[in-house]
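Peer 1: Before I ask anything, here is the structure I am working with.
The values are calculated or read from the model by the stated rules, or taken from the named source; none is laboratory data. Worth saying up front: this structure is predicted, and the values here are computed from it rather than measured. Glycine also receives a Cβ, built like all others from the backbone with ideal geometry; neighbour counts cover every protein chain displayed.
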Amino acid sequence: MCAGTDRRVRLILCLVLLLSAGSTLSACGGQEATPTPLAGDEYEPEAVVSATARVVPVIWADLAFAAPGRVHEILVAEGDRVEAGQLLARLDPAELRAGVAQAEAALESARAQSSQLQAAPREVDLAAAEASVRIAQDAATAAQVAVEVSEANAQAAQAAVAVAQAALLRLQAGPTADELEVARQQVEQAKAQRYAAQGQRDALGGLRDRAPGAYQVGSYEAAEGQVLAAESAVTIVELNYRILAAGARPQDIASAEAEVQRAQAALQAAQAQVRQAQQQAAATRGQVAQAEAELNRLRAEARPEELDVARAQVHQAEAALEAARSALAKAELRAPFDGTVAEVSLRVGEYVMMGAPVIALGDGDALRVETTDLDEIDVARVAEGSPATITFDALPNTTLEGIVEHVALRAGAGAGGTTYKVTIAFAEADPRLRWGMTAFVDIETE
């Protein structure tokens, strides 16, 4: 009879004996019967420790992604044989690839800047920098000239405002007594000149009538013209006097006020041009300083601290690239060893969490059994190298031999309390065995 059957038979016999002992106690009125041991009898434990176990591969693992993400591709199915390093599944890598490309570009830029610091300046670069300095200086000179011109224009506009305001004030104040007296004197002067012209004309007229021989032809007519001119001059100065005495008209004051406003607007525009020119001049001075700094940088050798900073930036960019590549690698799930895919528990398009098992991988060609309910009393009787007999519910009438390979040093929590895992290797495996089958082991003890 096989070892598994013997174990079950022993359990049935123990139950029968217990039931029989209970019946005997009942028949004796409930008094407990005390067995009388035979002389020399001692308790001897069984020479076999029995436990339940399961079939597992020697090498197996529940594989999980090292990063969360959406499943993009599944490259294996249950039962597939894979090799170590083979790609099994992949998360969506679009964003991660973009991060790698960006990190690669940043590294190239850092390396270029480091090389540029270490390299001597080229003649063409020096010439271009010198030309930039000259152009910036010329622009600064022109900007300063523009400031001076705009300031002169602003001063002229200020003077025009003053003139317009003075004219307005003069119109609003009216003529002074002196101005009126001057205008009156101009009238009297014009009248005196008219009287003189009339006297000259009358004298020439009498000479023409009394002494025609002494008279010069045309003299009277010329004198008459001078009289007419003198009368016109009297009329003009009299009109000016009346206008001056009457004061400024409303339309004259309005015109003068408009002229003041126009002059003030022109002044504001001129002042705005001054500010703009000053800002432009300041900007060109900054461009000169920048161009001169670039020229000096090209002429000067890089300082040690600048080289250290450049090298540090390269190292930083290399680390960032390595991190980006590592993140991309975490989007791929690869086989850690040769084996057979036992289970695939993910689908394309679903979102998986980091660390969640998605593929079970094991070496189905190398199997062993691990106990699941060996308690702390029985484990003390088990030693590595002990022979064991193994039976299976799935394989009736099949018994395999094995050897204890390892006894756990630390207890685990089992369904019945504290248990220890014992690993048993097959002396010769059965090709019908499958990962996860239930087994029963009888381990021989010393």
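Peer 1: Scan the stretch 210-231 residue by residue and report those that are assigned to a helix (DSSP H, G or I), small (Gly, Ala, Ser) and surrounded by fewer than 11 Cβ atoms within 10 Å (Cβ to Cβ).
Peer 2: none
Peer 1: Follow-up. Please state which one of Ala265, Ala281, Ala270, Ala277 is exposed (fewer than 14 other Cβ atoms within 10 Å of the Cβ) and farther than 16 Å from Arg170 by Cα. Spell out how you get there, then give the answer.
Peer 2: Numbers: Ala281 fails: exposed (fewer than 14 other Cβ atoms within 10 Å of the Cβ); Ala270 fails: exposed (fewer than 14 other Cβ atoms within 10 Å of the Cβ); Ala277 fails: exposed (fewer than 14 other Cβ atoms within 10 Å of the Cβ).
Answer to the selection: Ala265.
Peer 1: Only residues that are within 30 Å of the chain's Cα centre (by Cα), among the aliphatic types (A, V, I, L, M) and surrounded by 15 or more Cβ atoms within 10 Å (Cβ to Cβ): list them for the stretch 50-107, please.
Peer 2: Selection gives Ala67, Val71, Leu91, Leu96, Val100, Ala103, Ala106, Leu107.
Peer 1: So, one more: Which residue is nearest to the chain's Cα centre (by Cα), if the candidates are limited to the stretch 417-439 and must be small (Gly, Ala, Ser), surrounded by fewer than 19 Cβ atoms within 10 Å (Cβ to Cβ) and closer than 28 Å to Glu376 by Cα? I'd like the intermediate steps shown before the answer.
Peer 2: Here is the first cut: in the stretch 417-439, the ones small (Gly, Ala, Ser) are 417, 425, 427, 429, 436, 439.
Remaining after also requiring surrounded by fewer than 19 Cβ atoms within 10 Å (Cβ to Cβ): 417, 425, 427, 429, 436.
Next cut, closer than 28 Å to Glu376 by Cα only: 417, 425, 427, 436.
Values: Gly417: 55, Ala425: 57, Ala427: 62, Gly436: 50 Å.
The qualifying residue nearest to the chain's Cα centre (by Cα) is Gly436.
Peer 1: If a residue has to be in a helix (DSSP H, G or I), loosely packed, with under 14 Cβ neighbours inside 10 Å and among the acidic types (Asp, Glu) to count, how many in the stretch 284-305 make the cut?
Peer 2: Total meeting the criteria: 1.
Peer 1: Going by the structure shown, is Ala335 surrounded by fewer than 15 Cβ atoms within 10 Å (Cβ to Cβ), under 36 Å from the mean Cα position of the chain (by Cα) and either modelled with pLDDT of 90 or more or more than 28 Å from Val100 (Cα to Cα) (or both)?
Peer 2: Values: surrounded by fewer than 15 Cβ atoms within 10 Å (Cβ to Cβ): no; under 36 Å from the mean Cα position of the chain (by Cα): yes; either modelled with pLDDT of 90 or more or more than 28 Å from Val100 (Cα to Cα) (or both): yes.
So Ala335 fails the test.
Peer 1: Ok, one more. Restricting attention to the stretch 399-426, which residues are of a type in the set (A, V, I, L, M), farther than 12 Å from Val441 by Cβ and either modelled with pLDDT of 90 or more or assigned to a loop (DSSP other than H, G, I, E, B) (or both)? Even if it seems obvious, please write down each step before you answer.
Peer 2: Let us first name the residues in the stretch 399-426 that are of a type in the set (A, V, I, L, M), namely 400, 403-404, 407-409, 411, 413, 415, 422, 424-425.
The next check asks that each one be farther than 12 Å from Val441 by Cβ; those that pass are 407-409, 411, 413, 415.
Across the stretch 399-426, the qualifying residues are Val407, Ala408, Leu409, Ala411, Ala415.
Peer 1: From the set of residues in the stretch 232-262 that are of a type in the set (Ser, Thr, Tyr) and either at pLDDT 85 or above or part of a loop (DSSP other than H, G, I, E, B) (or both), which is surrounded by the most Cβ atoms within 10 Å (Cβ to Cβ)?
Peer 2: Within the stretch 232-262, the subset of a type in the set (Ser, Thr, Tyr) is 232, 235, 241, 255.
This time we only want the ones that are either at pLDDT 85 or above or part of a loop (DSSP other than H, G, I, E, B) (or both), so: 232, 235, 255.
On the way: Ser232: 12, Thr235: 13, Ser255: 15.
By that ranking, first place goes to Ser255.
Peer 1: In the stretch 72-93, what residues are within 20 Å of Gly364 (Cβ to Cβ) and assigned to a loop (DSSP other than H, G, I, E, B)?
Peer 2: Of everything in the stretch 72-93, those that are within 20 Å of Gly364 (Cβ to Cβ) and assigned to a loop (DSSP other than H, G, I, E, B) turn out to be Leu75, Val76, Ala77, Glu78, Gly79, Asp80, Glu83, Ala84, Gly85, Gln86.
Peer 1: Looking at the structure I just gave you, is Val124 among the hydrophobic types (A, V, I, L, M, F, W, C) and either buried (at least 17 other Cβ atoms within 10 Å of the Cβ) or not in a helix (DSSP H, G or I) (or both)? Break it down into steps so the answer makes sense when it comes.
Peer 2: Working: among the hydrophobic types (A, V, I, L, M, F, W, C): yes; either buried (at least 17 other Cβ atoms within 10 Å of the Cβ) or not in a helix (DSSP H, G or I) (or both): no.
So Val124 does not fit the description; no.
Peer 1: Moving on. Looking at this structure, is Glu151 part of a helix (DSSP H, G or I), modelled with pLDDT of 90 or more and either charged (D, E, K, R) or in contact with a Lys or Arg (Cβ under 7 Å, 6 or more places away or on another chain) (or both)?
Peer 2: On the way: part of a helix (DSSP H, G or I): yes; modelled with pLDDT of 90 or more: yes; either charged (D, E, K, R) or in contact with a Lys or Arg (Cβ under 7 Å, 6 or more places away or on another chain) (or both): yes.
In short, yes.
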